[in-house]
Amino acid sequence: MENLDQKNIILASQSPRRKELLASLGLNFKVEVRDVEETYPDTMRGAAVALYIATKKAEAFDLKSDKDIVITADTIVSIDDRILGKPADYDDAFNMLKLLSGRRHEVITGVALKTVEKVRSFYEVTAVYFNQLKDEQIKYYIETFNPYDKAGSYGIQEWIGAVAVDHIEGSYTNVMGLPTAKLYKELVKL
């Protein structure tokens, strides 16, 4: 932990969940964001997409000091070889949750750590098993929680996590958007 206290850690994310998760590690950091188009080649799938976008976000930073570390992340939901990003609107959110209902999907977060010398990236995959959801439950969730800023149209820490998630295999914090245990291990390695 000592070597991390001497670093200028920058979280390149506006996500309140990522801020909260990084703070839970006891690290001092500031938030700084660059505008990056979150697009990727059509041929990419799964973890490659999350890593590609996280790395793209990291490369938008021009670091001057060897004390600087930028942390970027991108979370996607994958089902049937299809990537579910953030929903465009109500119908998109409804259709995503309908697709996830009663099924297993994967939440993949790509993380990039940028220093003056290099960009180091890794990813975490968590399998999430949803219970069958009724249309009324999906409507209630969307109307009450407005999950338009979340990949796959849901936040596991919200009402839907308590109702829809039967179980997960892997990191809970990864499903929230930042695999904290793996991130901490990688930061210490730096």
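The values are calculated or read from the model by the stated rules, or taken from the named source; none is laboratory data. Keep in mind it's a predicted model, so treat the numbers as computed, not measured. Don't worry about glycine lacking a Cβ; one is built from the backbone with ideal geometry, like all the others, and counts go over all protein chains shown. With ligands, DNA and RNA removed, areas are computed over all heavy atoms of the protein, side chains included. Shrake-Rupley method; radii C 1.70, N 1.55, O 1.52, S 1.80 Å.
Summing +1 for each Lys or Arg and -1 for each Asp or Glu, what net charge is found among the other residues whose Cβ lies under 15 Å from the Cβ of L113? Show your work: numbers first, answer last.
Numbers: positive: K7, R18, K56, K57, K67, K114, K118, R120, K182, K185, K189; negative: E32, E59, D66, D68, D74, E117, E124, E186.
For residues surrounding L113, the net value is +3.
Determine the share of the chain's accessible area contributed by carbon and sulfur atoms, expressed in whole percent, with a 1.4 angstrom probe. Each step should come with its number before you reach the end.
Values: 4280 of 9430 Å².
Heavy-atom surface of the chain belonging to carbon and sulfur, 1.4 Å probe: 45 percent.
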* Roughly what angle does helix 180-189 make with the longest principal axis of the chain, taking Cα atoms, 0 to 90 degrees, to the nearest 10? -> 20
* Sequence-distant or interchain residues sharing an amide H contact under 5 Å with L11, placed H: which? -> K30, V31, E32, I71
* By average C-beta atoms within 10 angstrom, highest first, the peptides 119-131, 67-79, 27-39 -> 67-79, 119-131, 27-39
* With point charges of +1 on the Cβ of Lys and Arg and -1 on the Cβ of Asp and Glu, referenced to the Cα centre of segment 1-108, which listed residue (L97, P41, P87) lies farthest in the positive direction of the dipole? -> L97
* Distance (nanometres) between label positions extended 7 Å along Cα→Cβ at E169 and L190 -> 3.1
* To do: State the extension gain, in nm to one decimal, for the chain segment bounded by N146 and M44, taking 0.36 nm per residue of separation less the distance between their alpha-carbons.
  => 33.9 nm
* Asked: Simple spin-label model, 7 Å along Cα-to-Cβ: A60 to V119 in nm?
  -> 1.2
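May I ask you to compute the full-extension gain from K67 to R82, defined as 0.36 nm times their residue separation minus their alpha-carbon distance, rounded to one decimal in nm?
Details: separation 15, 0.36 × 15 = 5.40 nm, distance 3.88 nm.
Gain in length upon complete extension: 1.5 nm.
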* **Under the Karplus curve 6.51 cos²θ - 1.76 cosθ + 1.60, θ = phi - 60°, whole-Hz ³J(HN,Hα) for segment 137-148, x wherever Gly or Pro sits** => 5, 4, 4, 4, 4, 4, 5, 8, 10, 6, x, 6
* Structure fact -> Over the chain, with neighbouring protein chains present, the accessible area per residue in Å² at probe 1.4 Å is 50
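Nearest 5 is fine: what % of DSSP beta bridges in the chain come out antiparallel, could you say? All intermediate terms of the calculation are to be shown ahead of the outcome.
Numbers: 27 of 34 bridges.
Looking only at bridges with both residues in the chain, the antiparallel portion is about 80 percent.
What percent does the relative contact order of the chain come to when contacts are Cα pairs within less than 8 Å and at least six residues apart?
The value is 23 percent.
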* Structure fact -> Helix 90-100: inclination vs the chain longest Cα principal axis, degrees, rounded to 10, gives 90
* Asked: Straight-line reach from K189: which lysines have a Cα under 19 Å away, not including same-chain ones fewer than 8 places off?
  -> K7, K67, K114, K118
* Structure fact -> Per the C-alpha gyration tensor (a ≥ b ≥ c, the square roots of its eigenvalues), segment 6-48 is rounded if a/c is under 1.5, else prolate if a/b beats b/c, else oblate; here it's prolate
